[in-house]
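Right, one structure below, let's go through it.
The values are calculated or read from the model by the stated rules, or taken from the named source; none is laboratory data. These figures come from a predicted structure and were not determined experimentally. Ideal geometry is used to build each Cβ from the backbone, glycine not excepted, and the neighbour counts take in all protein chains shown. Note: areas computed on protein heavy atoms with side chains; ligands, DNA, RNA excluded. Shrake-Rupley method; radii C 1.70, N 1.55, O 1.52, S 1.80 Å.
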Amino acid sequence: QVQLVESGGGLVQPGGSLRLSCAASGSIYRINSMAWYCQAPGKQRELVASTITDGSANYADSVKGRFTISRDSAKNMVFLQMNNLKPEDAAVYYCNAQIRPTFDSGYRNLWGQGTQVTVSS
């Protein structure tokens, strides 16, 4: 059983920072992409940032220059450093990963349980 567990959400004032963490555990042979998505009330889940094995990253236009995604492949972890947070960044943030549990299995698209980020004064 492979699972993703996020941590690091919370309440922060506008202009503040948070660092989200996501750890993959269980039977893991290989991880391809890892990403962060967010979902605000009444809205669809949307991509915030993603990274693949070579370390390259993609960001939503709304977070470019403020958020940074990073990855610790040795620990099967992905992070999201969020700076200069705005009220519109408030959402539940979900970790996503493409994980291959064993050498003879295909990749599975997995989600974490989500962590709440609230930006308010």
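Across the stretch 1-13, the number of residues qualifying as surrounded by 13 or more Cβ atoms within 10 Å (Cβ to Cβ) and part of a loop (DSSP other than H, G, I, E, B) comes to 3. The residues of the stretch 26-57 that are free of Cβ contacts under 8 Å to residues at least 60 places away in the same chain and open to solvent by less than 50 Å² (accessible area, probe 1.4 Å), listed by number, are 40, 48, 49, 50, 51, 57. Restricting the first member to the stretch 107-118 and to residues that are charged (D, E, K, R), and the second to residues that are in a strand (DSSP E or B), the beta-carbon pairs closer than 9 Å and six or more apart or on different chains are 108/97; 108/98; 108/99; 108/100. Scan the stretch 1-17 for residues that are of a type in the set (A, V, I, L, M) and either in contact with a His (Cβ under 6 Å, 6 or more places away or on another chain) or within 18 Å of residue 78 (Cα to Cα) (or both) and the total you get is 3.
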